[in-house]
1. From the Cα gyration tensor of region 78-180, with a ≥ b ≥ c the square roots of its eigenvalues, which class applies: rounded if a/c is under 1.5, or else prolate if a/b is larger than b/c, or else oblate?
2. Once Lys and Arg get +1 and Asp and Glu get -1 on their Cβ, which of GLY115, TYR169, LEU57 lies farthest toward the positive end of the dipole of the chain?
3. Can you compute the charge dipole magnitude of the chain about its Cα centre, using +1 on each Lys and Arg Cβ and -1 on each Asp and Glu Cβ, nothing else charged? Give it in debye, rounded to the nearest 20.
4. If the label point is 7 Å along Cα→Cβ of ARG77, which residues in region 1-44 have backbone nitrogen under 17 Å from it?
5. How far apart, in nm, are the 7 Å Cα→Cβ label points at HIS102 and LEU135?
6. For the chain: lysine pairs with Cα atoms under 27 Å, gap of 8 or more or different chains, count?
7. Given (i) 15.4; (ii) 11.7; (iii) 12.3 as candidate values of mean projected area of the Cα convex hull in nm², which corresponds to the one derived from the coordinates?
8. GLU119 versus PHE34, label points 7 Å from Cα toward the beta carbon: distance in nm?
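No lab work stands behind these numbers, since they all come straight from the coordinates. Only a predicted model underlies this, so the values are computations on that prediction, with no experimental measurement involved. Using ideal geometry, Cβ is built from the backbone for each residue, glycine included, and neighbour counts are taken over all protein chains shown.
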Amino acid sequence: MVNKAIGEKIKFLRSEKKMTLKDLADASGLSTGFLSQLERGMSSVAVDTLEKIARYLDVDLTFFFDRPRERDTYVQRHFERSVFQIENNNFIHYHLTTIAEHSDMLPRLIELLPGQFDEPIDEYAHAGEEFVYVLEGVLTLFINHERKDLYPGDIAHYPSTIEHNWANYTNKIVKILIVSSHNPFNTVKGE
């Protein structure tokens, strides 16, 4: 169902730009056959490939993903989870809550795509505190101007008022579970 929706959006954008499948294939370096199957929902697509297609269709990668809707339940099934935000084409955010607008804490699953390769990282601070649990890959955590590598099963728990940031300096995806006590999406407190 997700593949079909993405395919329909690609076909719509391509048609709007009066591009043929061959035009998009030539521009993106992907095969015409693959793009045809993708548009018909018969093939899945990796995020980095979809980002390439988005670039040639002049849209942000988030265009292809639906925003999560608040539900009337406190339970979110794994198949209901959708991408909330894609940041700098490197970080894919999934909210792990159905009540973000009413909660003091914000649990998220974040996937850090490979490819930063020792780019300089700016540390930042904000209100609250954060708990990070590494699910997969090697996370590079910068905290208080110190660099630490965290491995699957490792945790970090720190006040967010300390300058911090993370990066993926490997060639594999990194998945982390993060819970922030300062929830910028909490509309009940007017934040």
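1. Working: a/c = 1.68, a/b = 1.20, b/c = 1.40.
Note, shape of region 78-180 comes out oblate.
2. Final value for the positive-end residue is LEU57.
3. Working: 21 positive and 29 negative charges, 208 e Å.
About 1000 debye.
4. Residues passing the 17 Å test: 1-3.
5. That separation, rounded to one decimal, is 2.5 nm.
6. Final tally of qualifying lysine pairs is 19.
7. (iii)
8. So the two model labels end up 2.2 nm from each other.
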